[in-house]
Structures are given as structure tokens and as C-alpha cells.
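Notes follow the structure.
The values are calculated or read from the model by the stated rules, or taken from the named source; none is laboratory data. Here the structure is a predicted model, which means the values were calculated and not measured. Methodologically, a virtual Cβ is constructed for each residue, glycine included, from the backbone with ideal geometry; neighbour enumeration extends over all protein chains shown.
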Amino acid sequence: MKWIRRVVLWLVGIVAVGWLVLFIGSRNVPSPSGDELPEVAFTNVNIVDVEAGVVRRRQFVVIEDGVVTSMGNADHVEPPAGIEVIDGNGRYLMPGLWDMHVHLGNRSSHYFDAAAFVANGVFYVRDLSSDCRDCVLLRSIDEMRDMNARFHDDEWLGPDIVELSSGVVHGPRGYGTLPEPAFLAPSTREDGIQTARFHVERGADFIKTYNSVPPPAYRGLIEEAERLGIYVGGHIPWALTIDEAVAAGHRSIEHARYPLIDCAEDNAGWHETYRRFLDGADERPNLGATYIAVLETADENRCDALFERWAAADSYYVPTHLTRLAEAVAHERSYLTDDRSRYTMAPLIDGSWSRQSTGYAGLFEQRPDIGAAYYEFFERGVEVTARAHAAGVKIMAGTDTSDLLIYAGFSLHDELALLAGAGISTADTLRTATVVPAEFVKRRATHGSIRVGQVGNLVLLNQDPLADIENTTTIDAIFYRGRYYDREELDDILDDIAWRASGLGLYLTIGWPFLKAIIPAFIATGEIPL
């Protein structure tokens, strides 16, 4: 019997040590480093004036307690004496960037994505799935606010999450098993009103809708949300047109599917088929076949008329073109080995991304015409965004991090390159990730550009982004929340993220949070609710 006792003690000891190691490893969250500089002057820098769309050469900028307090021509005026001076050596200083469509709700995001945003000069993000109730692997909105507070308090390194959405609102046909309470899958106007009240009470900054919300529920939802002081954004329900959504008050339209579909001659047939589906019909529109039909009948004149009406409304557009590109190319598995995948959690790539890649490969093998349509739909979508911009529709840059083939921080620069490549000027392209988002969230007085009174979260570039938008990637240093990070420190941050994202580093980092969340849920229900 003694040997049994010894074996049990050894096993208990091994488990205890293992849990202790995982607990200690889980504390290894990226935290602010850099040089803390409460008062600093950047001198001999070229300021990227995103408001005027020009470079102001040989300037100085003084930042005190995180705010720009003075600036001027370095040839004629010197910054105040007695503060730290950083010589820009003719490099380019631009405001920190905004990504207006991300997903940081995964419980592990503060180990990887959050710091990757900052290291890439992306200091502000808007989250579009911020409240997963009773989920194990995803955060509730209270947990999201706690994470954001830790970023603000310099406990963890991460961006300012400027807005948090509700849980995603689907209609009844968007669920396998309906949620509780049932009105959270709204089908009637009254359901929509109750859903809006529920999410306002949960503390959402806005309500995110998805494809399957029926029109009566959508209108009740959007009217009540407006009455309660928040807005509705996200997917336009497929039973509705852009015109109908904009007229109802849909304030931010996400993704580049909708404009091209509504430019097509038979867009009314598409929306009607989906309405019948929501009413119980078995027929559901096939997205690939829809792309083919849209590409055959999309009309520039219809587009331009639509965009004139859209531009007249207080409704913004976040096209996330990279998500359409990902759908078109993910079947080529080489895209899963992008060098930037080192900074993405390995189980995400090996799991969800790999399954999606296999699914697209199978579809495109059976229907090469659909595969070709997916890529052309992506290309035409970028062109249509440029037309929308020319008509006055307010465009905001967003990536859909952490969706398929989207890399936190890095991908925003890719999205900007697509916008500029479509013919939008580099100045206007930069505004989609600075001035326009700041305007959208009503922070324009303090954010979005470099001028006195603005928050001094800045990015120092080696090359001029107004000459070539891809120069936004030539980051030499950042100044964020009163700390200066040079290129070596930024590389160290990225190296640490890569270590956490795979192998032993991954299990040490997320092992404890995973066990802490999974085991109680499994004991209580016998299942692992995701």
C-alpha cells in the first residue's frame, strides 16, 4: 500500500508543479517597456499633416503629459529647455493609426494581438464582437472593459479600444439553437426593441447586426437603439438594401459585399430570396452564384446614384477588403505560411484557418468559375470603394482581425495599400485610419492628427507615407502613452509575441487561463461551451 501512496503523492506533486508552472507562465503578458518620457521634444522631423495632406518639413513637436503643447519650425524656434530631445534626423512623424474593425474577444488576445497592434503603430481599435455571455474562450463585455482598463493603466501593452459592440445579433435562422432569452434572436419589431434594451443594459457602445435579422426586428432594434443613445453598425441584414439600411439609421456598414451587390441590376431579387428564406423557405441564396451574377450585371451608373444617396447620410463604410481577398486566395495553402503568421496563435492557423482553406479548395475545385468570381469580386469591390469615396461616402480602414489570414497590426497597412492602389490619394487613404475614425467616435478635438491640444501618440517613419502609402510600414520608432520605443524595442516585442504564439511558449502562456476556464465549465455541464 505504501507504494500506491507514493505514486499518488508523486502524481499530485507533478500536477501541482505543472499547474504552478502554467500559472507563472500565464503572468507573462506583454507590458509597456520603452523609455518613459513625461516631457519630450521631437526636433528636426517632417510632420505628416493628415488634415492638409502635406508634409511640413524640419519641425519640432513638444509633448507634455501625453498632449502636444507646442510645435513649430525647427530652423527658427527651439523647443523649451530642460526636456528630453529626440532628433528625428529628417524622418517623418505621423499620428497613430486606427483599425475600425477588429475582434479582440478571444481570452488570449492580450498575449498576442494587442501588443502586435501597438508594435505596428496601430494605437486605436474598434471591437465588433465584444460580449459573449457564458462563453469559455471568449470574453464578456465586462471582461473586455477590464482588459481595456489594463491597457490604459499601463499594466498590459495594447491599443485603446475606442468602442465595444454588443454580442452579435442574428435572427432566428442565424442560430442552430436559439439563445435565451428568445428575443435575442429577434423576429418581430417588439423583439428588436427588447434586444436593443438588453444590450444597452449590458453596456454596449453600439449594437452589431448580422445577416439574418428580419426587417421588422431590425427596424425595431435600430429605432430603440437610437432612442437610447447608441447606434447600430455591422452587417446589413441581407433582406435589406443599403438604401433601406441607411434610411433606417445604420451608422457603420462593414465589409465590401454590400455595395457591389446593390450595384447589380437584380439586387432586388437577391434581397427578396433572402426575405423568403427568413420567412421559412428552404431556398437560400448561394453566395458564389450571387457573385457571378453580380459581376455580370453590376452597373457603374447604379453605383454612383447609390453612393450619392449614401454620402448624404450620416453612415460610414468599413470595407475590410482583406477579408474578400482571403476568401479568394486561402485555398492556396501557401498563404497560411505567411511570415507574419509567427505572430498569430498557432491553434488558430492550424485549426479554423486550415479548415477554411480546405473548404475553399474543395469548393473551387468543383466550381472553378466560382473560384474566379471570388477573386474578381474582391478586385471589383476595391474599385467600387474608390467610387464610393469619390462620391463622398466616409471610408474608415478596418481589417477584421483575427479573421482568416488577417494579422493584427500588420494587416492594417495592407488595407491602406489596397485603398491607395484603387486610386484614393495617399492623403485621403491616411485619413481613413486617422481623421475619419476620430470624427466617427467624436474624438476629433483630441485625436487624429498632430497639432497643439491633440493626444501625442505618434509614429516615426523612415520614409514619407504621402509619397507612397506603403511607407507606413517603415516604422523606426513610436511614442505611445508617454513612452518611446525604438526599432530594437519594437522588434523585441514582436519576438516575444512569436515565442508566445507557438510551441512551449504557447502552452506556458495560455495553459493556465485555458484550464481555469474549461475545467469548471466541464465539471458543471459535462460539456465545453465555446
Self-check item: Selected residue (only one of Glu300, Glu376, Glu327 is out of contact with any Phe, Trp or Tyr (no Cβ under 9 Å at 6 or more places or on another chain) and among the acidic types (Asp, Glu))
Solution: Glu300
Quiz item: If a residue has to be crowded, with 20+ Cβ neighbours inside 10 Å and part of a helix (DSSP H, G or I) to count, how many in the range 249-269 make the cut?
Solution: 6
Quiz item: Under 7 Å by Cβ, and 6 or more places apart or on different chains, what pairs join a residue from the range 469-481 that is under 20 Å from Val54 (Cα atoms) and assigned by TED's automatic domain parsing to the domain that holds Arg91 with one that is assigned to a helix (DSSP H, G or I) and among the polar types (S, T, N, Q)?
Solution: Ile469/Thr426; Ile469/Thr429
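From the set of residues in the range 165-193 that are assigned to a loop (DSSP other than H, G, I, E, B) and in contact with a Lys or Arg (Cβ under 8 Å, 6 or more places away or on another chain), which is surrounded by the most Cβ atoms within 10 Å (Cβ to Cβ)?
Ser166
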Quiz item: Does Arg333 meet the test of being surrounded by 14 or more Cβ atoms within 10 Å (Cβ to Cβ), outside the structural domain of Gly505 (by TED's automatic domain parsing) and among the basic types (Lys, Arg)?
Solution: no
Quiz item: Among the residues of the range 126-154 satisfying the criterion of being part of a loop (DSSP other than H, G, I, E, B) and closer than 20 Å to Gly234 by Cα, which is nearest to the chain's Cα centre (by Cα)?
Solution: Leu128
Quiz item: Just for the range 31-49: of the residues that are farther than 16 Å from Gln463 by Cβ and aliphatic (A, V, I, L, M), which one is nearest to the chain's Cα centre (by Cα)?
Solution: Leu37
Practice problem: Among the numbered conditions (1) within 23 Å of Val318 (Cα to Cα); (2) among the acidic types (Asp, Glu); (3) free of Cβ contacts under 8 Å to residues at least 24 places away in the same chain, tell me where Glu180 comes up short. | Solution: (1)
Quiz item: What pairs can you find where one residue is in the range 264-287 and over 17 Å from Arg173 (Cα atoms), the other is of a type in the set (Gly, Ala, Ser), and their Cβ atoms are less than 7 Å apart, with a gap of 6+ or different chains?
Solution: Ala264/Ala293; Ala264/Ala298; Asp266/Ala293
Quiz item: How do the pairs read when you match residues in the range 101-119 that are not assigned by TED's automatic domain parsing to the domain that holds Ala408 with residues anywhere that are surrounded by 24 or more Cβ atoms within 10 Å (Cβ to Cβ) and part of a helix (DSSP H, G or I), using Cβ under 7 Å and keeping only pairs 6 or more apart or on different chains?
Solution: none
Quiz item: Using beta carbons and a limit of 7 Å, which pairs, at least six apart or on different chains, have the first residue in the range 373-388 and under 12 Å from Gly423 (Cβ atoms) and the second one among the charged types (D, E, K, R) and at pLDDT below 95?
Solution: Arg387/Asp304
Quiz item: Any chance the range 86-95 includes a residue that's among the β-branched types (Val, Ile, Thr) and assigned by TED's automatic domain parsing to the domain that holds Ala204?
Solution: no
Quiz item: Tyr360: surrounded by fewer than 20 Cβ atoms within 10 Å (Cβ to Cβ), in contact with a helix residue (DSSP H, G or I) (Cβ under 7 Å, 6 or more places away or on another chain), not assigned by TED's automatic domain parsing to the domain that holds Ile253 and not hydrophobic (A, V, I, L, M, F, W, C), yes or no?
Solution: no
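Residue by residue, here is whether (1) in contact with a His (Cβ under 7 Å, 6 or more places away or on another chain); (2) more than 30 Å from Ile510 (Cβ to Cβ); (3) modelled with pLDDT under 95; (4) of a type in the set (S, T, N, Q) holds:
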{"position": "Arg27", "(1), (2), (3), (4)": "no, no, yes, no"}
{"position": "Pro30", "(1), (2), (3), (4)": "no, no, yes, no"}
{"position": "Val68", "(1), (2), (3), (4)": "no, yes, no, no"}
{"position": "Val77", "(1), (2), (3), (4)": "no, yes, yes, no"}
{"position": "Phe112", "(1), (2), (3), (4)": "no, no, yes, no"}
Quiz item: Can you name the condition, by its number, that Phe198 falls short on among (1) within 25 Å of Lys442 (Cβ to Cβ); (2) not in a helix (DSSP H, G or I)?
Solution: (2)
Exercise. Check Pro79 against each of (1) in a strand (DSSP E or B); (2) out of contact with any Asp or Glu (no Cβ under 6 Å at 6 or more places or on another chain); (3) not hydroxyl-bearing (Ser, Thr, Tyr) and name the one condition it does not meet.
Key: (1)
Quiz item: Looking at (1) surrounded by fewer than 18 Cβ atoms within 10 Å (Cβ to Cβ); (2) assigned to a loop (DSSP other than H, G, I, E, B); (3) not assigned by TED's automatic domain parsing to the domain that holds Val50, can you tell me which one Leu157 breaks?
Solution: (1)
Self-check item: Residue, nearest to Thr320 (Cα to Cα), within the range 391-443, restricted to residues that are in a loop (DSSP other than H, G, I, E, B) and of a type in the set (Val, Ile, Thr)
Solution: Thr399
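Within the range 270-310, work out how many residues are in a loop (DSSP other than H, G, I, E, B) and closer than 16 Å to Ser212 by Cβ.
8
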Exercise. Quick one: Val162 ticks every box in (1) crowded, with 23+ Cβ neighbours inside 10 Å; (2) within 13 Å of the chain's Cα centre (by Cα) except a single one, so which number is it?
Key: (1)
